[in-house]
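The values are calculated or read from the model by the stated rules, or taken from the named source; none is laboratory data. Every value quoted in this text rests on a predicted model; they were computed, and no experiment measured them. Counting neighbours? That spans all protein chains shown, and the Cβs are built from the backbone with ideal geometry, glycine included.
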Amino acid sequence: QKEVEQNSGPLSVPEGAIASLNCTYSDRGSQSFFWYRQYSGKSPELIMSIYSNGDKEDGRFTAQLNKASQYVSLLIRDSQPSDSATYLCAVTPDDKIIFGKGTRLHILP
Amino acid sequence: NAGVTQTPKFQVLKTGQSMTLQCAQDMNHNSMYWYRQDPGMGLRLIYYSASEGTTDKGEVPNGYNVSRLNKREFSLRLESAAPSQTSVYFCAALGDRDTEAFFGQGTRLTVV
């Protein structure tokens, strides 16, 4: 069974601080990695994708990938109350998209 | 451009009843997926279709069937609903494995 593991949280971070979300995956053949954000009662929406080892930055978001350690992370700088949501890590080892259980992030005003 | 459309948005069923959840996409994507989401469980894959005419089981297929009617439509059928199938169901479409998956707005199903 191909798995994606995340800490369920909740992760509480003061407004303006850096939020760090982590994810590990089991299938070494995985090529594509994604972070989705899901607000309560809403559908998931893509915020970052990463395919190569290293860092990828997009605004306040930075995704980090380490294929040797089978580890993906998401950093959110200058956290805002609007960042409070569940963050889902996703991996595509083959034709399927496998999601982790998600990490609930709460930004403290 | 509607993206991925699911119907219905809400449904209450009695145990043993059957129903079909509909999903349609207008993005010409090859792959379509059905997930269920329960509290604390993330998104669990029920069935998927990598291309028109093919379907495969995911992590939790028991109690469900699917039909990839054409490239646009992918339906999920519950033949005999059980309370354990109370969940939020999401349909998603994907162009290829390296791109973004687009989700429908979800169907909240309650089986009593």
Residues that are in a strand (DSSP E or B), farther than 20 Å from A:Ser40 by Cβ and of a type in the set (Phe, Trp, Tyr): does the stretch B:71-78 have at least one? yes
Could you tell me how many of the residues in the stretch B:10-65 are buried (at least 19 other Cβ atoms within 10 Å of the Cβ), farther than 11 Å from A:Lys96 by Cα, out of contact with any Phe, Trp or Tyr (no Cβ under 6 Å at 6 or more places or on another chain) and of a type in the set (Gly, Ala, Ser)? 1
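Could you tell me which residue of the stretch A:78-99 is nearest to the other protein chains (Cβ to nearest Cβ), considering only residues that are in a strand (DSSP E or B) and closer than 21 Å to A:Pro10 by Cβ?
A:Phe99
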Any pair with Cβ under 9 angstrom, 6 or more apart, that starts in the stretch A:73-85 at a residue that is hydroxyl-bearing (Ser, Thr, Tyr) and ends at one that is modelled with pLDDT of 95 or more and assigned to a loop (DSSP other than H, G, I, E, B): A:Ser79/A:Glu15; A:Ser79/A:Gly16; A:Ser79/A:Ala17; A:Ser79/A:Ile18; A:Ser79/A:Arg60; A:Ser84/A:Tyr39
Mind checking which pairs have a first residue in the stretch A:47-67 that is closer than 13 Å to A:Val91 by Cα and at pLDDT below 95 and a second that is surrounded by fewer than 18 Cβ atoms within 10 Å (Cβ to Cβ) and among the aromatic types (Phe, Trp, Tyr), Cβ under 8 Å, 6 or more apart or different chains? A:Met48/A:Phe61
Out of the residues in the stretch B:76-93 that are crowded, with 21+ Cβ neighbours inside 10 Å and among the hydrophobic types (A, V, I, L, M, F, W, C), state the one that is farthest from the chain's Cα centre (by Cα). B:Ala81
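Rundown of residues vs (1) touching a strand residue (DSSP E or B) at 6+ places or on another chain (Cβ under 7 Å); (2) more than 13 Å from chain B (Cβ to nearest Cβ); (3) among the aliphatic types (A, V, I, L, M), yes/no style:
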position: A:Glu15; (1), (2), (3): yes, yes, no
position: A:Ala19; (1), (2), (3): yes, yes, yes
position: A:Gln38; (1), (2), (3): yes, no, no
position: A:Ala63; (1), (2), (3): yes, yes, yes
position: A:Ser69; (1), (2), (3): no, yes, no
position: A:Leu75; (1), (2), (3): yes, yes, yes
Test of understanding: among B:Arg108, B:Arg68, which residue is surrounded by 13 or more Cβ atoms within 10 Å (Cβ to Cβ), under 25 Å from A:Tyr87 (Cβ atoms) and within 14 Å of chain A (Cβ to nearest Cβ)? B:Arg108
